[in-house]
Amino acid sequence: MLDNFQICDRDLDEATLARYLATDAVAIDTETMGLVLGRDRLCLVQICDANNHVTAIRIEKGQTTAPNLSKLLQATEVTKVFHFARFDVAQFLFTFGVETTPIFCTKIASKLARTYTSSHGLKSLVGELMGVELDKKAQSSDWGNVQGLSNEQLSYAANDVRYLLPAKEKLITMLQREERWELAQQCFQVLPVIINLDIMQYSNIFEH
């Protein structure tokens, strides 16, 4: 199995929660049965700290609570770093009724900082900033069989969070250099409003 990697069922254990609460930022990602909120359920939650300790939480079908995970998501002193936070944070609100704060989204940051490219997916971002080629073969696979996830799936899931924290720091440097850091922070702050609109199916409200 992977180094510095653990699996929890349904929720974080107390010791792991304390570990993550003692940091100033954690990277978080989710795996679901698809990309349609409300239809495709949450299956796996991955978390990584600055010491590269990854936890995968297997979420059972029909599960609507995860108290320790919820404490982490709501901990105001710990920044939660996502790639495309709009989707993951919506999943947490829809599944557990939990509002995540504070948020940093590497996709938003990338679009504001890396205006010289149209490639803002995680693979492209990590490839350029970290010099790492992510293997995405397991991306479109069955995440619903949480007790039977393969090593390939777990490795893919872990790698989706391992590089987010160092990528965040590089993106902040770029945003500050280009005088767009304040704008990025404003974008992160309005995400909860956009996510609530998504859940209420008002995602096109700003269109003509």
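(1) surrounded by fewer than 17 Cβ atoms within 10 Å (Cβ to Cβ); (2) in contact (Cβ under 8 Å) with a residue 24 or more places away in the chain; (3) polar (S, T, N, Q); (4) closer than 22 Å to Lys80 by Cβ: which one isn't true of Gln147, the others all being true? Just one mismatch for Gln147, condition (4).
Here segment 15-49 is the region considered, the condition is being assigned to a helix (DSSP H, G or I) and not hydroxyl-bearing (Ser, Thr, Tyr), and the residue that is farthest from the chain's Cα centre (by Cα) is Ala15.
In segment 50-95, the residue that is nearest to Leu129 (Cα to Cα) out of those that are touching a Pro at 6+ places or on another chain (Cβ under 9 Å) and in a helix (DSSP H, G or I) is Val89. Among the conditions (1) of a type in the set (A, V, I, L, M, F, W, C); (2) crowded, with 20+ Cβ neighbours inside 10 Å; (3) within 21 Å of Leu165 (Cβ to Cβ), the only one that Ile59 does not satisfy is (3).
Each residue in segment 129-147 was checked for being part of a helix (DSSP H, G or I) and within 16 Å of Pro166 (Cα to Cα), and 2 of them qualify. In the set (1) crowded, with 21+ Cβ neighbours inside 10 Å; (2) modelled with pLDDT of 95 or more; (3) not in a loop (DSSP other than H, G, I, E, B), the condition left unmet by Lys107 is number (1).
For segment 63-82, the condition of being modelled with pLDDT under 95 and loosely packed, with under 14 Cβ neighbours inside 10 Å holds for none of the residues.
Is it the case, given these coordinates, that Asn159 is farther than 20 Å from Leu122 by Cβ and either surrounded by 12 or more Cβ atoms within 10 Å (Cβ to Cβ) or not aromatic (Phe, Trp, Tyr) (or both)? Here the answer is no, as Asn159 does not meet what is asked.
In segment 120-128 there is at least one residue matching the filter, namely being of a type in the set (Val, Ile, Thr) and either at pLDDT 95 or above or part of a helix (DSSP H, G or I) (or both).
Being under 17 Å from Ile103 (Cα atoms), surrounded by 19 or more Cβ atoms within 10 Å (Cβ to Cβ), in contact with a Leu (Cβ under 9 Å, 6 or more places away or on another chain) and modelled with pLDDT of 95 or more is not true of Leu165.
The values are calculated or read from the model by the stated rules, or taken from the named source; none is laboratory data. Being a predicted model, the structure only gives us computed values, none of them experimental. Note that we place each Cβ from the backbone using ideal geometry, even for glycine, and neighbour counts take in every protein chain shown.
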